[in-house]
Structure formats: structure tokens, C-alpha cells
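The values are calculated or read from the model by the stated rules, or taken from the named source; none is laboratory data. This one's a predicted model, so the numbers in the text were calculated from it and none came from an experiment. Neighbour counts run over all protein chains shown; Cβ positions are idealised from the backbone, glycine included. Only protein heavy atoms, including side chains, enter the accessible area calculation; ligands, DNA and RNA are left aside. Shrake-Rupley method; radii C 1.70, N 1.55, O 1.52, S 1.80 Å.
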Protein chains: 2
Amino acid sequence: MDRKVTTIQDVARAAGVSTATVSRTLAKPSVVAKTTREAVLTAVAETGYRVNATASNLRRQRTGSVIVLLPNIANPFFAQILAGLASVLTPAQYGMLIADTQSGPDPDERLTHYLTSGQADGLVLLDGTLSPEALEIPGRPPVVMACEWMGRDLPSVRVENGRGAAMAVGHLARLGHRAIGHVTGPQGNVLAETRLKGFRGAMEAIGLPLHEEWILEGDFTMDSGAAAARAWLTMEDRPTALFFASDEMAAGFMGLVQRAGIRVPQDLSIVGFDNIEIAQHLSPALTTIRQPRTHIGVRAAELLLSMIETGTRTGPSEVIEVEFIPGGSAGPPPPARS
Amino acid sequence: MDRKVTTIQDVARAAGVSTATVSRTLAKPSVVAKTTREAVLTAVAETGYRVNATASNLRRQRTGSVIVLLPNIANPFFAQILAGLASVLTPAQYGMLIADTQSGPDPDERLTHYLTSGQADGLVLLDGTLSPEALEIPGRPPVVMACEWMGRDLPSVRVENGRGAAMAVGHLARLGHRAIGHVTGPQGNVLAETRLKGFRGAMEAIGLPLHEEWILEGDFTMDSGAAAARAWLTMEDRPTALFFASDEMAAGFMGLVQRAGIRVPQDLSIVGFDNIEIAQHLSPALTTIRQPRTHIGVRAAELLLSMIETGTRTGPSEVIEVEFIPGGSAGPPPPARS
């Protein structure tokens, strides 16, 4: 590397100002006079000075970035978690690099790539299908999981998924429902499996019969909720209430059965999970379980920053409480047919 | 900079393998034997080698990243545009760094920061409130706007917002509505202003009376749609149809009036804009105007990559067509009260 690295002194000299003025201009351009600003920015361009960037980061062996790995950028579920992460990372001067694990053929390979590429000082994982084995890389940066993770004791921010499922079943049982079904998330997804386990456990604890044919598989999307609705409409013996592993599925289901003339909650009670924004704006408003997603992002970012600062790859795990949100989509069961 | 930069040769020597094996292991870990993989990754950690990262990017004066500036990460509207951007940037080996312009006190300052920080080879702007003046920085990287931009001829991917508004008004007029109102996006937002202008132009072209009190201001969110619904419910002289500048507002409005006993479309017709996922899952499904958001992201990324490759800061602009999506939320007006 023979190329001389441009310093802030070079910029100041070229612009004919002090280094303090260069710093101030770059930190807050609006506070300096227009002519000064233009002189400094022209000097930055001419000298090839790179502010807070690769050159200075390389010197201190830091990238100034945190990578967040998502299963699917297009899923709006993650938007609030990302906002929570950014609300901590931005003031701490970290750029947030978001990457999609499912856009290539092998999600674990994507994880390995980002763990070894040196592009980030730390990673946040939001994909519950990655293999814990992929983290077994010596010298990797710290990692926090902002979702559950099977069988490993790694730093994470978890949500009481099982307890949320039990809240939903308990509410429906107290309303008088005995025929309660469940629409799950995708098989292999740890959130889906924890909610299903919570559903089964609560049904058993309350002493309600489990009908396996009333457990329908979805994939968290509205479309899969609509597909479950088509299946429910064709059943001869229908459950009078359904607990959904996501609000998106509950919304897709409710819209389809309403368009088919079913009244919610008079004919069918529905409870979702997540408390996404649309939940309170539907008619009826969804009864659901709130996950504080912004808070999940905030805590995951704080946990990661403390690991980056102390240079450790271990850290505490945190469990975040869920909350029952009453809506209008769950009511007493319809009178039994004679 | 006295520190010696670690090379791939150093890693190969430490691991006792060839440099080709080091490259292969880092590019695709699953194709090499487990013992080889562990030896290479241990050597990477011990030597401090940074793959594809700051060191190598600095040598070729590239960051390997594209920065996307959004007004609000938590708004799910952007998720599909981001997915479209990622679908082009990921195979082209660019990391996508997403940053929020509205999280700090001065959005233009955020833009200036990213234009001068040297962290990206190019930027995509999705925030229609940034000042064109903030782009007047000598030597800045190429920028593409994936929304309209007032008064400047800069490379952009635009949507026919005005034409979409005219499609909505035309459809309602053909159904027999004469009393048509509009719920706008936030003042100062270029998309909101173009749709409002399209609404006014279409009403005038068709010869329908414009009632200024039937133009309600929203901010694109579901909550602002619900607020407009509360205003509509208190009007003595109500429009029989409303065109909304976003589906989110239309959904928030429809849910609230339905919970108040209003039937859509028998009592009130509603047309949205965007064709977000929930639109087709509501009851009734929303009649709306489709913006192909994934495609907008794809074209913006392709345009930016060609500018990065050719080293230019100018480029063509592209206008993307909108499409009318019939739903169940617009029908003939109710019989006139006598």
C-alpha cells in the first residue's frame, strides 16, 4: 500500500481553513457559511478524503457498521424491530447494514460470509432458521439473536411466545369455547413451533380436546391465512374459535370468511399474535397478543453494543413480556346446533 | 499507517493450505472438508485477515455498499421497494446499507453526511422531502431517486401518480358519483402533492364540482385515515365517494366507518392507492391503484449500478405505469335522500 492516505490537514490546507472548520463543516454543514462549506466540500472531493470511513475505520480496526440478517426484507413484521435497532445504533454512530438470508441458495452460507467478511463489528440475527453450528467460527464478531433459538445458550432477546399462546387459548376458553383450532407458522420456524407448543400445552392444561385436523399449517402471511379460511369453510365439523400464530394470517382469514358471509365474532372467534398496525383498524378490531417489537430492537441493539464495547462474545439473554390486547374479534361461541 | 496489512498469503501460510483453498473456503465454506475449513477460519481469525472488506475495498477505492435513505424504516410501504433493490444489489455483490433520514434533527444533514462519508459507491433516495440543494456536492457518488423530485432533472424512477389519481376519479364518476372527496398525504410530500393535483385535474376535466371541505389532510398512515373517518362521520353534507392517497389511510378509514355501522360500498365508496398486501384481504377488498413497488426497486438499483460502473452522475429517468385494481369497495352511489 504505497498510496498516501489523505488527512484532515490536507483538506484544511486545500480549503484554506482550519482543521476545526473542516470537522465542523463535515459534522454539521448548516452551521458554517455557504462559501466555507463549498470550499471544504470541494477540497474533500479534490483530495479524496474519506471521512469516518474505510481509511479511519481500518486504522482502528473497526467498520462502524452492524449487520442485521433477516429472512425476508419484504416482510413488514421486521420494520418496527429495525426501527428499534436504528434508534440505538444511529446515535451510537453505527451504520445499520441489512441483509437478506433467504435471497441466495444457502442462508447458513450467508451467515458464514458476514461472520468472516470483516464488514461489521457485530451482527443481529432475526432469522430463526439459521443453524447454530454456523456460529462456530473462531474470532467472529459478537452476535445477538432477536428471536428464539433452539438448543443453544447464546445472547438473545426473546419473547414469551408460549405464554402468549396460552393467553389466547385461556381467553377463548373463558368465553365458553371448547372447539378451538390453531393456524401455525411455517414448520421449522422456531417462533411457529414455540407458539404451537404453547397452544397444545394450554389446551391440555385447561382440559380441552385437541383435534389434529383443526391445526392448520400457514407461513405467517395473509395469503396463507386466506388459504386456511378456504379449508375451514369446507370443514363439516368446524372449530368455533381459532388462534393464529400471526396477525397477518388472522387478517387474511377474517377477510375471506367475512366476504363469504361469516360474521366475526358471532359465528367464529379469532385471536391473532403480534399486534401489527392493521389489527386495531380492522372491523372488528383483532383480539391479539402484543409483541413490543420496537423494544425488542432497542434491547437487542443495546446488548450488542455492550458486547462490542467490552470485546466479548457472550452476554445475557433477555425475555420480553407479551400483552393481551382485547379487540372485537373474539366473543362467546354461537349456540350449539341441535 | 505502519501496521502491516494481512494478505491472503499470510492466511494460507498460517493454515498450511494454498491461497486457492483459502479463497474457496471463504467464498463457499460448504465445499471444503470440515478440517480444512476450521484451519482456514482459525488462520483468518489469528492473522486478522479481512476478507472483501475495508482493506481490499480501500485499495480499489470502492466500498462495495449502496446506501438507501428512507424517511422512516418502520413504514412497511418501503419493504417491497427494498426487496426489489436487494434482488439486484445482492447478486451484484453490493451490500445494502439502509439509513433513516428522519431519525435525527436534520434530514438534509443526514444526506450530506452519507454523500461525503465515503461509505457507499452510490445512494438511492426514497425520501421526497430532501432538498435538491443538498446534492450539490462536488465529487459525490451517483444518486438515484426512487420517487418524484420537484424541479430538478436528476436520475429517477417515478410512478405515474397523477394518472393514478385520474383513474380513481374516473372510475368513481363512471359509477355515478358526483360528490367525490379526497384524503391527501402530508403537505410538502411530493407524492401527496402530485396525487392531489391529479385529483383536482380529473374532477375539473370531468366537470364535477370541487368542495374544498371534502379534501381532508392525512399523512399516509392508518391512524390518519381513521381520523379522517371521524371527520367524515360528523359532516352534514358528506361526499358519497372518497379517493385516498394511500391504501393505509383507506384501510384505517374503512375499518372505523364499518365499526360505526356504515356499509362499504352501499353507503360509501372507497378507492385507495398503492395496492398494499392487506388491500385484497379486507372485506370488501379495496379498489385501488397498483404501484409496482418491487419493480421500482429493481429499476432504481439497475440504474444506479450502471451509473457506478460507468462512473457517471447523470442518467436517464424512468416512468413506471400504474394499474387500476378493481375491488369491492367502490359501487354506485346510494339513492339520493329526498
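Key figures for this structure:
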{"item": "Single unsatisfied condition, B:THR294 versus (1) farther than 27 Å from B:MET203 by Cα; (2) hydroxyl-bearing (Ser, Thr, Tyr); (3) more than 12 Å from every other protein chain (Cβ to nearest Cβ)", "result": "(3)"}
{"item": "Matching residues in segment B:229-260 - criterion: being over 23 Å from B:ILE289 (Cα atoms) and either facing chain A (nearest Cβ under 10 Å) or of a type in the set (Val, Ile, Thr) (or both)", "result": "B:THR234, B:ARG259, B:ALA260"}
{"item": "Residue among B:VAL157, B:VAL144, B:VAL183 that is farther than 30 Å from B:GLY327 by Cα, hydrophobic (A, V, I, L, M, F, W, C) and more than 9 Å from chain A (Cβ to nearest Cβ)", "result": "B:VAL144"}
{"item": "Selection from segment B:4-55 of residues that are on the phi > 0 side of the Ramachandran plot and either assigned to a helix (DSSP H, G or I) or modelled with pLDDT of 75 or more (or both)", "result": "B:GLY16"}
{"item": "Complete set of residues in segment A:82-102 that are more than 8 Å from chain B (Cβ to nearest Cβ) and touching a strand residue (DSSP E or B) at 6+ places or on another chain (Cβ under 8 Å)", "result": "A:LEU85, A:LEU89, A:TYR94, A:THR101"}
{"item": "Strands (runs of 3 or more DSSP E) contained in segment A:218-306 and holding at least 1 residues touching a strand residue (DSSP E or B) at 6+ places or on another chain (Cβ under 7 Å), in contact (Cβ under 8 Å) with a residue 40 or more places away in the chain and not β-branched (Val, Ile, Thr)", "result": "A:241-244, A:269-271"}
{"item": "Residues being buried (at least 17 other Cβ atoms within 10 Å of the Cβ), touching a Leu at 6+ places or on another chain (Cβ under 9 Å) and closer than 14 Å to B:PRO141 by Cβ - total across segment B:299-318", "result": "3"}
{"item": "Members of segment B:244-275 found to be within 14 Å of B:SER224 (Cα to Cα) and aliphatic (A, V, I, L, M), listed by number", "result": "B:ALA245, B:MET249, B:ALA250, B:ALA251, B:MET254, B:LEU256, B:VAL257"}
{"item": "Members of segment B:119-129 that are closer than 20 Å to B:THR194 by Cβ, modelled with pLDDT under 80 and crowded, with 19+ Cβ neighbours inside 10 Å", "result": "B:GLY128"}
{"item": "Test: residue in segment B:283-297 that is in contact with a helix residue (DSSP H, G or I) (Cβ under 6 Å, 6 or more places away or on another chain), open to solvent by 10 Å² or more (accessible area, probe 1.4 Å) and at pLDDT 95 or above", "result": "yes"}
{"item": "Selection within segment B:192-215 - free of Cβ contacts under 8 Å to residues at least 60 places away in the same chain and open to solvent by less than 30 Å² (accessible area, probe 1.4 Å)", "result": "B:ALA192, B:GLY198, B:PHE199, B:ALA202, B:MET203, B:LEU208, B:TRP214"}
{"item": "Enumeration of residues in segment B:209-228 that are at the interface with another protein chain (Cβ under 10 Å from one of its Cβ atoms) and out of contact with any Asp or Glu (no Cβ under 8 Å at 6 or more places or on another chain)", "result": "B:ASP223, B:ALA226"}
{"item": "Criterion violated by A:VAL66 - all others in (1) open to solvent by less than 30 Å² (accessible area, probe 1.4 Å); (2) farther than 23 Å from A:ALA192 by Cβ; (3) assigned to a helix (DSSP H, G or I) satisfied", "result": "(3)"}
{"item": "Selected residue (only one of A:GLY331, A:GLY315, A:GLY311 is outside the structural domain of A:MET167 (by TED's automatic domain parsing), in contact (Cβ under 8 Å) with a residue 60 or more places away in the chain and under 30 Å from A:LEU123 (Cα atoms))", "result": "A:GLY315"}
{"item": "Sole exception among (1) touching a residue at least 40 places away in the same chain (Cβ under 8 Å); (2) out of contact with any helix residue (DSSP H, G or I) (no Cβ under 7 Å at 6 or more places or on another chain); (3) closer than 23 Å to A:ALA251 by Cβ for A:GLY188, by number", "result": "(3)"}
{"item": "Whichever residue in segment A:81-96 is assigned to a loop (DSSP other than H, G, I, E, B) and hydroxyl-bearing (Ser, Thr, Tyr) and, among such residues, is surrounded by the most Cβ atoms within 10 Å (Cβ to Cβ)", "result": "A:TYR94"}
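Quick grid of which residues meet (1) over 21 Å from the mean Cα position of the chain (by Cα); (2) within 12 Å of chain A (Cβ to nearest Cβ); (3) crowded, with 21+ Cβ neighbours inside 10 Å; (4) at pLDDT 95 or above:
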{"site": "B:GLY104", "(1), (2), (3), (4)": "no, yes, no, no"}
{"site": "B:LEU111", "(1), (2), (3), (4)": "no, yes, yes, no"}
{"site": "B:TYR114", "(1), (2), (3), (4)": "no, yes, yes, no"}
{"site": "B:SER117", "(1), (2), (3), (4)": "yes, yes, no, no"}
{"site": "B:ARG140", "(1), (2), (3), (4)": "yes, yes, no, no"}
{"site": "B:ARG152", "(1), (2), (3), (4)": "no, no, no, no"}
{"site": "B:ALA165", "(1), (2), (3), (4)": "no, no, yes, yes"}
{"site": "B:GLY176", "(1), (2), (3), (4)": "yes, no, no, yes"}
{"site": "B:ALA179", "(1), (2), (3), (4)": "yes, no, no, yes"}
